[in-house]
Amino acid sequence: MRVVVVGAGIAGLAAAWELTRAGGCDVTVLESERRAGGVVVTEQMQGFIVEGGPDGFLAGEPELPALAEELGIRDQVVNQQARGTSVWAGKELTPIEEGRAAALLGIDAASAEVAAGFRSFARGMSEPVLALCQELGGIVRFAQGVAGLTPGGTGWRLAVTGGSAHKADAVVLALPVYAAGRLLEMVGVTHARALASVVYASSITVSLAYRAKQVQRRLEGAGFVVDPKSVGAEHATPLQMRACTYASQKFPGRAPDDHVLLRAYLALGDDDPAKAAHAQLAAILDIRGEPLWSRAFYWTRGLPRYPAQHREHVAEVRRRLSRLPPIAIAGAGYDGAGMSACVRSGRAAARLIAQLMPH
């Protein structure tokens, strides 16, 4: 049976992996970009491991270690090595509970979950993405954006940007809700418009490399958050930093010896984010001299923020999808924003499709 997975983020790749393991399916993954992973981006720079998107996952979540075991990279899972978070209130860094730090950043996780710490991968969070692409091989097709979706008989026709098309017996839409919603409206799922109320928060992450001797203040723990209520107008800048991770302390192997890698989180603005991040970090951490290099990642649509009745909206959309030829939705916009939740969502969508397919 022919199954098309739309989207090669971690949710779509997990769905494709689950379908291929189940057997009996001819799976194709269509991705509009020229790379897989979506917001999962890892770069190697001069001996540093730089994360553009998520840098880890909650240690208590089993989905990524289980996937890593299946992919043969379980030994690449690494534990957080520096713990503890501080808050910057304009004058000094004060240790706080990690649960409170998560709340200040709008992270939806229980204090106990955050207190258990985080894990990552030795070569960065893109490691499972690369392993999935290697295992899935040629079924992942890039620069193949889906522009239209039409039910036909017992299956689907997917129109691809540029004029080509694919026929499928079943579809997994592993897209952000603003993109999936448009396709679902084409097939008469009117309640899909409600999904547009999911707002994807914008942000910039800036990684900056320094020699250890440049940083005069001792780095305690894994980083700090900025309490917006405590930073008055006299301290505010157009690109006010929201948090900073001491990346080279949080996980092993992120920087060469005698070097420091910092990762700042800023709101979108018009100024140079690398320059703004360095200026603020230099003041807080007493950094002497310029960074060796900096790398900024812009996320105009990053983490989703769920509105009230989100679960009800998603449940209603899924109920309406059940009346159509086999189709499922998966990804951060529906069932949880972290990488673990995306893997869980993608695999659940694949299992649903397997149940719906004739045997």
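The values are calculated or read from the model by the stated rules, or taken from the named source; none is laboratory data. Note that the structure is a prediction, hence the values are computed from the model and not measured. For neighbour counting, all protein chains shown are included, and Cβ atoms are generated from backbone atoms with ideal geometry for every residue, glycine included. Areas reflect the complete protein model, heavy atoms only, side chains present, ligands, DNA and RNA absent. Shrake-Rupley method; radii C 1.70, N 1.55, O 1.52, S 1.80 Å.
Here are the numbers for the structure shown:
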{"item": "Residues located in the stretch 11-49, provided they are among the β-branched types (Val, Ile, Thr) and open to solvent by less than 10 Å² (accessible area, probe 1.4 Å)", "result": "VAL27, VAL29, VAL40"}
{"item": "Residue list for the stretch 62-104, filter: over 29 Å from GLN280 (Cβ atoms) and modelled with pLDDT under 95", "result": "none"}
{"item": "Residues (farther than 19 Å from ILE353 by Cα and of a type in the set (A, V, I, L, M)) located in the stretch 143-168", "result": "ALA143, VAL146, ALA147, ALA159, VAL160, ALA165"}
{"item": "Residue check for ALA131: modelled with pLDDT of 95 or more, open to solvent by less than 30 Å² (accessible area, probe 1.4 Å), touching a strand residue (DSSP E or B) at 6+ places or on another chain (Cβ under 6 Å) and small (Gly, Ala, Ser)", "result": "no"}
{"item": "Test: residue in the stretch 231-242 that is closer than 30 Å to ALA196 by Cβ, of a type in the set (D, E, K, R) and in a helix (DSSP H, G or I)", "result": "no"}
{"item": "Residues of the stretch 261-279 classified as open to solvent by 30 Å² or more (accessible area, probe 1.4 Å) and either among the β-branched types (Val, Ile, Thr) or more than 21 Å from the chain's Cα centre (by Cα) (or both), total", "result": "6"}
{"item": "Those helices (runs of 4 or more DSSP H) lying entirely in the stretch 296-356 with at least 1 residues more than 23 Å from GLU51 (Cβ to Cβ), open to solvent by 10 Å² or more (accessible area, probe 1.4 Å) and free of Cβ contacts under 8 Å to residues at least 12 places away in the same chain", "result": "310-321, 339-356"}
{"item": "Strands (runs of 3 or more DSSP E) wholly inside the stretch 39-112 containing at least 2 residues that are within 17 Å of the chain's Cα centre (by Cα) and β-branched (Val, Ile, Thr)", "result": "48-51"}
{"item": "Qualifying residue in the stretch 179-202 (condition: under 30 Å from ALA283 (Cβ atoms) and under 26 Å from the mean Cα position of the chain (by Cα))", "result": "yes"}
{"item": "Some residue of the stretch 64-87 being free of Cβ contacts under 8 Å to residues at least 60 places away in the same chain and either under 30 Å from THR161 (Cβ atoms) or among the β-branched types (Val, Ile, Thr) (or both)", "result": "yes"}
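Quick grid of which residues meet (1) within 14 Å of GLY124 (Cα to Cα); (2) in contact with a Leu (Cβ under 9 Å, 6 or more places away or on another chain):
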| site | (1), (2) |
| --- | --- |
| LEU13 | no, yes |
| ALA16 | no, yes |
| ARG34 | no, no |
| GLY38 | no, no |
| PHE48 | yes, yes |
